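The next block holds one structure in the form of structure tokens; read it before the comments.
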Amino acid sequence: MRIVVCIKQVPDTAEVRINPETNTLVRDGVPSIINPYDLHAIEAALQIKEKLGDVTVTALTMGPPQAEDALREAISMGVDEALLLTDRAFAGSDTLATSYTLSRAIQKIGFDLVICGKQAIDGDTAQVGPEMAEFLNIPHIAYVKAIEEISTQGIRVQRLMEEGYDIVEAPLPVLLTVVREINEPRLPSLKGKMRAKKAEIKKLTHTDIDAEEDKLGLTGSPTAVKNIFAPEARKDRKMFSGSPAEQVAALVEELKNLKCL
Amino acid sequence: MRIKVDRDLCTGCEACVDSCPYDAIEIKDEKAFINEYCQLCRNCLSVCPEGAIKEVETEEDRTEGMDLSQFRGVWVMAEQRDGKVVDVSLELLGAGRRLADERGSELTAVLFGASEDEAAKLIHWGADRVLHAQSPVFDTFNDDPYVELLSRLITQYKPEIVLTGATAIGRSFFPRVAARLRTGLTADCTSLEIDKETGHLLQIRPAFGGNIMATILCPKHRPQMATVRPRVMKKGEYNESRKGEIIKLDVEGLSSRTKVLQSIKEESETKVNLQEADVIVAGGRGLGKAEGFKMLEELASLLDGAVGASRAAVDEGWISYSHQVGQTGKTVCPKIYIACGISGAVQHLVGMQSSDIIIAINKNPDAPIFNVANYGIVGDVYEVVPELIKKIKEVKGSCQ
Ligand SMILES: Cc1cc2nc3c(=O)[nH]c(=O)nc-3n(C[C@H](O)[C@H](O)[C@H](O)COP(=O)(O)OP(=O)(O)OC[C@H]3O[C@@H](n4cnc5c(N)ncnc54)[C@H](O)[C@@H]3O)c2cc1C
Ligand SMILES: Cc1cc2nc3c(=O)[nH]c(=O)nc-3n(C[C@H](O)[C@H](O)[C@H](O)COP(=O)(O)OP(=O)(O)OC[C@H]3O[C@@H](n4cnc5c(N)ncnc54)[C@H](O)[C@@H]3O)c2cc1C
């Protein structure tokens, strides 16, 4: 069996801030990490490998040359091989172009199971997984919180829903997107780290995956980011001043007027 | 559009390098260079002291895409769970009504599953017509039949805008529809407006975990598709005498590769309590110790409310996880949310931002919690909260 895990290198958004004067992101010293959900995707693949035995796990990412670091980390956790899709032609990809590009590479690699994170913490769309399944013409199950059973034929999982969860069954090949509840990602082993250092990371460009050029990058992206800005403080906000007693008195007055008290 | 560095103006000062959230700017031969990881977020444009980073038009911008004029009308894909239309669909009808009126077009609701009464309700909430499919395949949620039928309908009717809720269901099958139709999809919008000049839909959404907001356009493809978060749009007006048409859909040839064996409902008691409370008093690391929650409990019980917490407070062991509000805790929407000693990290905000009234008490006037607050008190929780308890007791006392 062949499992492809899609991982994305992202800035650690918990540390990203906006500079209020220039209205731009400050990423001084913000580290690049593997998208946290994708660590759970890697772990899920490794657990399946441990269970079924005859499994090859490939980590795949599309990104700049430095995304190689993310792939080495994946190898140190235990994936068998890693592929980096990197090409100027991929610049400016929205989710449609990203999922098209990844799906072309996955076709090339061959697959029985594709595992993605629920969403990337920078773009935050959660769209790449399902869109990729559409391009691959396979079913997908989103928000998987547990894998109950898996064989070379099919899979049974728990899918997180608002009011609980569904038990869902699908034949292979299938694509899953996973949430945190599914597992606790392992830390890289020392041996893994050694292997990661020496491992060869294969690089692919758009010609290696037989991609149609007009479906890549900017040209292949129907959406465009027009601008970005910092979330504003609400316009109706009231900041009180004075001693604690004075501020509390002012607040209680407001709440009385709103008939909240 | 493409972002380019004017190499004549660039001094190689590197100011832009750190501004890029994608590591897409490198220094090569002492000049900035934008690599293939550029996401066009435009963050670098205003950072460059020389104005050397520019947006340039590309061939692509000048070529005409598809004929957009064939596409008309606003659609809301309504969601039903267990045969009942969920609230976010009604909120979308409110937003959709406004957009349709602005575009001088009709508002159509699409409903797969549920009864005719539920379909009629969509008209009362603002739709001009409802496309309604009834079939046992919609008794449980599977992506395939949803994707197949909605894609067929969009291809047939050619709407200009198609919206749905950013729920487990919407976020799962909508991207597939967009991919099948080769059009753009904007996730988790918090605001939708029509650009007066171009008629395009301006879709505003948070990214980077809510640290920034972005306006997204889909200028050359139709339909323009978006998912919208629950509880950010206002429901329209309910009018039982509103008339509209219900069109029954053909459901031939729908099948599914996935199969739902069982749906399990999980509702822990505290979830219900927190999520149904009209008032929540929440505490964070700023409380400094477990006893702080005793004080918050007193305040909460005075207001007939419940106690919430940030993850930091839960991690400290001051209160149990069932009280946690935020991304990995509960999403709440009380009438009043009082945040005490909580900084307002995005992961916390996503869980309580849509509360009607937010009151923040924090000793740091720059704490981000004040950005979402309606009322802000700058001070020490141990001075402010006891004062608040005293005052509320006074008010309550005087009413009795
Ligand atoms: C501010 C901003 C807003 C944006 N809004 C939108 C929008 O509304 N619609 C839109 O179409 N595009 C949008 N984009 C572009 C989008 O972020 C990129 O296309 C991005 O490459 C993929 O989307 P994501 O980060 O949301 O990934 P998600 O769809 O959230 O990622 C889900 C999973 O897909 C896999 N995956 C995602 N990207 C990669 C990758 N490069 N390599 C390997 N695996 C991957 C991972 O397993 C990941 O966990 C936006 C970009 C910015 C900067
Ligand atoms: C993937 C992920 C998921 C997460 N999920 C959640 C989640 O679901 N919920 C959640 O809450 N967090 C979550 N977090 C954590 C989040 O990023 C923050 O770390 C957390 O919310 C901070 O909690 P806090 O505001 O209580 O603490 P801090 O950020 O430490 O803030 C304490 C605040 O108290 C103020 N303060 C200190 N002393 C006093 C005093 N005496 N009087 C008044 N004010 C005082 C300080 O000025 C400060 O603003 C998540 C993080 C990640 C990475």
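The values are calculated or read from the model by the stated rules, or taken from the named source; none is laboratory data. None of the values given here were measured: they were computed from a predicted structure. Ideal geometry is used to build each Cβ from the backbone, glycine not excepted, and the neighbour counts take in all protein chains shown. Remember, those area values only see protein heavy atoms, side chains included, never the ligands or the DNA or RNA. Shrake-Rupley method; radii C 1.70, N 1.55, O 1.52, S 1.80 Å.
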>> Given the criteria of a type in the set (Phe, Trp, Tyr), within 11 Å of another protein chain (Cβ to nearest Cβ), over 26 Å from B:PRO230 (Cα atoms) and open to solvent by 10 Å² or more (accessible area, probe 1.4 Å), does B:TYR375 qualify?
In response: no
> Can you tell me how many residues in the range A:121-137 are open to solvent by 20 Å² or more (accessible area, probe 1.4 Å) and more than 7 Å from every other protein chain (Cβ to nearest Cβ)?
Replying inline: 2
>> Tell me the residue from B:ARG129, B:ARG182 that is in contact with a helix residue (DSSP H, G or I) (Cβ under 8 Å, 6 or more places away or on another chain), surrounded by fewer than 21 Cβ atoms within 10 Å (Cβ to Cβ) and away from chain A (no Cβ under 14 Å), please.
In response: B:ARG129
> Only one of these conditions is not met by B:GLN203: (1) more than 7 Å from chain A (Cβ to nearest Cβ); (2) within 12 Å of ligand 1 (Cβ to nearest atom); (3) touching a residue at least 24 places away in the same chain (Cβ under 8 Å). Which number is it?
Replying inline: (3)
> Listed residues B:ASP366, B:ASP380, B:ASP315; which is away from chain A (no Cβ under 12 Å) and either away from ligand 1 (no atom under 16 Å from the Cβ) or surrounded by 20 or more Cβ atoms within 10 Å (Cβ to Cβ) (or both)?
Replying inline: B:ASP315
> Here are some conditions: (1) in the same structural domain as B:ASP188 (by TED's automatic domain parsing); (2) on the phi < 0 side of the Ramachandran plot. B:ILE53 meets all but one. Which one does it not meet?
Replying inline: (1)
> When you go through (1) open to solvent by less than 50 Å² (accessible area, probe 1.4 Å); (2) more than 16 Å from ligand 2 (Cβ to nearest atom) one by one for B:SER322, which number turns out not to apply?
Replying inline: (2)
> Are there any pairs, at least 6 apart or on different chains, whose C-beta atoms fall under 8 Å, with the first in the range A:154-167 and under 14 Å from B:ASN142 (Cβ atoms) and of a type in the set (Asp, Glu) and the second open to solvent by less than 40 Å² (accessible area, probe 1.4 Å) and at pLDDT 95 or above, and if so, which?
Replying inline: A:ASP166/A:GLN158; A:ASP166/A:ARG159; A:ASP166/B:PHE141; A:ASP166/B:VAL260
> What number of residues within the range A:70-93 are at pLDDT below 95, open to solvent by 20 Å² or more (accessible area, probe 1.4 Å) and within 17 Å of the chain's Cα centre (by Cα)?
Replying inline: 0
> Only one of (1) open to solvent by 50 Å² or more (accessible area, probe 1.4 Å); (2) more than 23 Å from B:THR190 (Cβ to Cβ); (3) more than 9 Å from ligand 2 (Cβ to nearest atom); (4) in contact (Cβ under 8 Å) with a residue 60 or more places away in the chain fails for B:GLU291. Which number is that?
Replying inline: (4)
> So which residues in the range B:233-247 are open to solvent by less than 60 Å² (accessible area, probe 1.4 Å) and not small (Gly, Ala, Ser), if there are any at all?
Replying inline: B:MET233, B:ILE246, B:ILE247
>> Considering only residues that are facing chain B (nearest Cβ under 7 Å) and either polar (S, T, N, Q) or outside any helix (DSSP H, G or I) (or both), which ones fall in the range A:233-261?
In response: A:ALA233, A:ARG234, A:ASP236, A:ARG237, A:LYS238, A:MET239, A:PHE240, A:GLN247, A:CYS260, A:LEU261
